[in-house]
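Visitor: Here it is, the structure in full.
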Amino acid sequence: MTNAIGRYEGAWDELVGLLRLGFAAPWSDEQLATEEKMWDPARSIVVREDKELAGHTASFAMTMTVPGAQLPVAGVSLVCVSPTHTRRGILRDLMRAQLTELYEGGVEPVAVLTASEPVIYGRFGYGLGSDHQTITVPKESRALRPVAGIENVRIRYADPLEARPVTTRIHNEEALGRPGMFHHDERWEHYVGSENVVTDTSGASPLRCVLASVDGEVTGYAYYRTRRTTKGFVDVSRVHARDLASHAALWQFLLNQDLLSETTYEQLPSDDPLLALLVDPRAPKPVTADGLWVRLADVGKALAGRTYAEEVDVVLGVTDEFLPWNAGRWHLTGGPGGATCEQTDRPADVLVDVRELGAVYLGRPSLELLGAAGLVEERTAGALAATSRAFLGKRLPWLDTGF
Ligand SMILES: CC(C)(COP(=O)(O)OP(=O)(O)OC[C@H]1O[C@@H](n2cnc3c(N)ncnc32)[C@H](O)[C@@H]1OP(=O)(O)O)[C@@H](O)C(=O)NCCC(=O)NCCS
């Protein structure tokens, strides 16, 4: 038996067979049609054993906000190894081939993904770059502190498909200022929109869309489903607003529905104003979940591709066991206006593994926090604190859509 790694030459249906087995899930026809529209065979890599499809990885071309810029990145997805072929190193081979292609392509210096299991990707140099909160708010704890202007916000229903252009516009405005969010082009608009209209099989209602508006101008939106089992639930899938009053009005609506006693949301930003506005701060019982995993495929281009909160001039001694071209000393200079990052012979001020660079790339957590955990080493007094301040972003990174 011989294993061969290479470009995917097969048809979508063959890949569907692998996905259904690997993810141990039924995958509805609607879901699969949505994935197929995003899928680009030219970005797919497979391992075959003889002719049998043994493993697959793909990536989507995406534009992601990083501190001070929007960057082309590879959104890694549809990663799967056949249950008959797991734990033989096939994923490792796929990851290496994919990251090598990105490096050699020279266009997307960063790869990002969401992990089915959080322990898998660190070994390949992915760092945890964003988190979010899963919340459940009982209706009796729905009271919010006063918000100026909330009484001027009107909430009304809209058709989810017809509302797509306006909700996408609001999404993209917010994405500009929030690291970890993606710009939604027409293709993404369809992907996210389709995900929204996919029939839910858990007995939930069709997707509902509400728009917030002030003086006739749309200022925010929310997507949610309702579900009645032993209790009644409002399952929120997205909330975006241009201003605090609209944001609070949307939440006020979502938290207070007749016959429904709990409101859930799996992807609340960790800095969402809702957490400060709830009169009962214990009510939402937030549980932190991992969001976006970030991998610098090309350390030089990636670090030069974002801006820095303060002037920085530091030599980073980078280790990278998986991608040897990243290992070595890198001179990073820059500030709020831009940066350069070149290889150098100068001694390192800070020693850091590429995984930790991925973790801090979007602006949080701080490099100092990782240093306190023994994951970053200071070689020049004061260099860690200064570099850490420079890497901080203005807003917490947040992933609002799956892929
Ligand atoms: C996750 C998956 C892709 C791993 O593929 P694989 O070919 O078995 O992985 P490899 O043999 O290359 O393993 C590489 C390393 O990751 C570890 N690893 C792989 N999957 C793991 C898992 N689910 N949990 C813990 N460790 C895992 C292996 O033990 C190995 O560790 P080592 O570096 O210490 O030797 C495969 O199990 C799969 O397809 N699972 C179902 C679908 C899925 O979850 N896809 C990922 C979507 S994000």
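The numbers here are math on the coordinates, done by the rules we state, and not lab data. None of these values were measured; they are calculated from a predicted model. For neighbour counting, all protein chains shown are included, and Cβ atoms are generated from backbone atoms with ideal geometry for every residue, glycine included.
Visitor: Cross-chain or 8 or more residues apart, Cα under 30 Å: how many lysine pairs in the chain fit that? Count them up, please.
Guide: 7
Visitor: List, in order, the whole-Hz ³J(HN,Hα) value for each residue of the stretch 125-132 obtained from phi through the Karplus relation with A = 6.51, B = -1.76, C = 1.60 and θ = phi - 60°; use x for Gly and Pro.
Guide: Per residue, the Karplus-derived 3J(HN,Hα) values read x, 7, x, 7, x, 7, 9, 8 Hz.
Visitor: Measure off 7 Å from each Cα along the Cα-to-Cβ vector at D243 and H190, then give the distance between these two points in nanometres to one decimal.
Guide: Those two pseudo-labels are separated by 3.6 nm.
Visitor: Give me a comma-separated list of calculated 3J(HN,Hα) values for the stretch 159-173, in order, Karplus coefficients 6.51, -1.76, 1.60 applied at θ = phi - 60°, integers in Hz, x for any Gly or Pro.
Guide: 3J(HN,Hα) across the stretch 159-173, in whole Hz: 6, x, 6, 5, 7, 3, x, 6, 5, 5, 4, 5, 4, 5, 4.
Visitor: Going highest first, how would you order 96-103, 310-317 by mean Cβ packing within 10 Å?
Guide: Ranked from most to least packed, the peptides come out as 96-103, 310-317.
Visitor: Which three extents, in angstrom, do the Cα atoms of the chain have along their principal axes, listed largest first?
Guide: 64, 56, 34
Visitor: Need the C-alpha centroid separation for the stretch 92-151 versus the stretch 1-78, integer Å.
Guide: 18 Å
Visitor: For the stretch 3-130, count the residues as N, evaluate 2.2 N^0.38 Å, and divide the Cα radius of gyration by that value, please.
Guide: 1.05
Visitor: For H247, what is the net charge nearby, where nearby means another residue's Cβ is under 12 Å from its Cβ and Lys, Arg count +1, Asp, Glu -1?
Guide: Once positives and negatives cancel, what remains is -2.
Visitor: I've got another one for you. Please check: in the Gaussian network model of the chain (C-alpha springs, under 10 Å), which one of T226, T86, T57 has the largest mean-square fluctuation.
Guide: Looking only at T226, T86, T57, the biggest GNM fluctuation is shown by T86.
Visitor: So between H183 and R346, what do we pick up on full extension, going 0.36 nm a residue minus the alpha carbon distance?
Guide: 54.9 nm
Visitor: State the extension gain, in nm to one decimal, for the chain segment bounded by R145 and R389, taking 0.36 nm per residue of separation less the distance between their alpha-carbons.
Guide: Going from the current span to full extension adds 84.6 nm.
Visitor: Using θ = phi - 60° and the Karplus curve 6.51 cos²θ - 1.76 cosθ + 1.60, what whole-Hz ³J(HN,Hα) does each residue of the stretch 326-343 get, with Gly and Pro shown as x?
Guide: Karplus-based 3J(HN,Hα) across the stretch 326-343 equals 7, 6, x, 9, 10, 8, 9, 10, x, x, x, x, x, 8, 10, 8, 10, 5 Hz.
Visitor: Now for a separate question. Which residues' amide hydrogens lie under 5 Å from the amide hydrogen of G55, considering only partners 5 or more residues apart or on another chain, with H built in the peptide plane?
Guide: V47, S82
Visitor: Considering only C-alpha atoms, what is the centroid distance from the stretch 269-321 to the stretch 337-363, in Å?
Guide: Taking the Cα centre of the stretch 337-363 as reference, the centre of the stretch 269-321 is 15 Å away.
Visitor: Next question. Rounded to a whole number, what is D in µm²/s for the stretch 132-290 from Stokes-Einstein with the Kirkwood radius over alpha-carbon pairs (4 °C, 1.567 mPa s)?
Guide: 81 µm²/s
Visitor: Which percent, nearest 5, of DSSP beta bridges in the chain are antiparallel?
Guide: Of all bridge pairs located within the chain, approximately 90 percent are antiparallel.
Visitor: So if each residue of separation counts as 0.36 nm, and I subtract the Cα-Cα distance between W325 and A61, what length gain in nm does that give?
Guide: 92.8 nm
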